[in-house]
Amino acid sequence: MDIQFLGTGAGQPSKARNVSSLALKLLDEINEVWLFDCGEGTQNRILETTIRPRKVSKIFITHLHGDHIFGLPGFLSSRAFQANEEQTDLEIYGPQGIKSFVLTSLRVSGSRLPYRIHFHEFDQDSLGKILETDKFTVYAEELDHTIFCVGYRVMQKDLEGTLDAEKLKAAGVPFGPLFGKIKNGQDVVLEDGTEIKAADYISAPRPGKIITILGDTRKTNASVRLAVNADVLVHESTYGKGDETIARNHGHSTNMQAAQVALEAGAKRLLLNHISARFLSKDISKLKKDAASVFENVHVVKDLEEVEI
Ligand SMILES: [Zn+2]
């Protein structure tokens, strides 16, 4: 499981940073890629990665500001033009209005897609668990921005324990159907009367990962709730230390506030994105250093950077 950042800038693109988008690559887990936000130019960034647009099965939108959604019509249209590739449906999750934005853009531009889009819109009253599959559950909660905006908590379900085949062989269990029974948790008795307790040969289930990806927000308790015990928290850092007032006025956070959220939530790792073009490289080091005084395991991400979870 990896996160690849496609756009890490705030508001408008710069040469170094495109506007918001990131890909949660779940290729080993479910052979899918989930996009979070899709700012203008997201499809161009994807061209610089190994991500195949057809693998993008779900897109989660945090809010309807242009720097988070203007890339949707282009991405969706290009996704249709993949020669010799099977056309697969796509799900879009986002605030009420996202369906109208997408369908209007496609209709006005005369774009017809050879695959279906299923929209899952929500508002203040229909948040909470927005998706559950056999491997993942996704929750959304409202943040505190200048328009309705949410954060997402992606929880992977616990992973089954694995069978210790070597240990079974050593215990004299012949390779074959018995292995399958034991793997399913069944105790078995061998021909010589030896009792094999399945639990002794299956490792304990491993806890699934928790990934928290927030939209634009002031510091709020909702962010902390979404990030409780997260393996990774992706938090905006539009402003730096000392800019708390201006951050509040514009509906954003500073690096220090993001670090505070990570600390309060007991997150394991903090990745800062939504970085203003005002910040030069020396400012970026300072953003990180200041935030690290509150929460040590912090990193300011760059476009196209890939982080393993
Ligand atoms: Zn915004």
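Go through the stretch 94-131 and count every residue that is part of a helix (DSSP H, G or I) and in contact with an Asp or Glu (Cβ under 8 Å, 6 or more places away or on another chain).
Matching residues across the stretch 94-131 total 3.
Of the numbered conditions (1) open to solvent by less than 30 Å² (accessible area, probe 1.4 Å); (2) outside any helix (DSSP H, G or I), Leu76 fails exactly one; give the number of that condition.
(2)
Hey, does the stretch 27-35 have a residue that's open to solvent by 40 Å² or more (accessible area, probe 1.4 Å), β-branched (Val, Ile, Thr) and in contact with a Lys or Arg (Cβ under 7 Å, 6 or more places away or on another chain)?
Checked against the condition, which is being open to solvent by 40 Å² or more (accessible area, probe 1.4 Å), β-branched (Val, Ile, Thr) and in contact with a Lys or Arg (Cβ under 7 Å, 6 or more places away or on another chain), the stretch 27-35 yields at least one hit.
Could you list, in sequence order, the residues of the stretch 32-67 that are within 14 Å of the ligand (Cβ to nearest atom) and out of contact with any Phe, Trp or Tyr (no Cβ under 9 Å at 6 or more places or on another chain)?
Of everything in the stretch 32-67, those that are within 14 Å of the ligand (Cβ to nearest atom) and out of contact with any Phe, Trp or Tyr (no Cβ under 9 Å at 6 or more places or on another chain) turn out to be His65, Gly66, Asp67.
Identify the residue in the stretch 79-98 that is open to solvent by 20 Å² or more (accessible area, probe 1.4 Å) and among the hydrophobic types (A, V, I, L, M, F, W, C) and, among all such residues, is nearest to Phe119 (Cα to Cα).
Across the stretch 79-98, the extreme among qualifying residues is Phe81.
Could you check Gly39 against (1) touching a helix residue (DSSP H, G or I) at 6+ places or on another chain (Cβ under 9 Å); (2) among the small types (Gly, Ala, Ser); (3) more than 30 Å from Leu280 (Cβ to Cβ) and say which number it fails?
(3)
Do any residues in the stretch 49-75 that are touching a residue at least 40 places away in the same chain (Cβ under 8 Å) have Cβ atoms under 6 Å from those of residues that are among the acidic types (Asp, Glu) and buried (at least 21 other Cβ atoms within 10 Å of the Cβ), where the two are at least six apart or on different chains, and which pairs are they?
Thr62/Asp37; His68/Asp37; Phe70/Glu40; Gly71/Glu40
Which residue, of Ile202, Ile275, Ile246, is within 16 Å of the ligand (Cβ to nearest atom) and touching a helix residue (DSSP H, G or I) at 6+ places or on another chain (Cβ under 9 Å)?
Answer to the selection: Ile275.
Between Ala247, Ala199, Ala204, which is small (Gly, Ala, Ser) and farther than 18 Å from Thr162 by Cβ?
Within the list Ala247, Ala199, Ala204, the selection yields Ala247.
Scan the strands (runs of 3 or more DSSP E) fully inside the stretch 135-230 and keep the ones with 1 or more residues being free of Cβ contacts under 8 Å to residues at least 24 places away in the same chain and open to solvent by less than 80 Å² (accessible area, probe 1.4 Å).
Correct list: 136-142.
The values are calculated or read from the model by the stated rules, or taken from the named source; none is laboratory data. Since we're looking at a predicted model, the values are computed, not measured. All Cβ positions, even for glycine, are placed from backbone atoms using ideal geometry, and neighbour counts span all protein chains on display. What goes into the accessible areas is simple: the full protein's heavy atoms, side chains included, and nothing from ligands, DNA or RNA. Shrake-Rupley method; radii C 1.70, N 1.55, O 1.52, S 1.80 Å.
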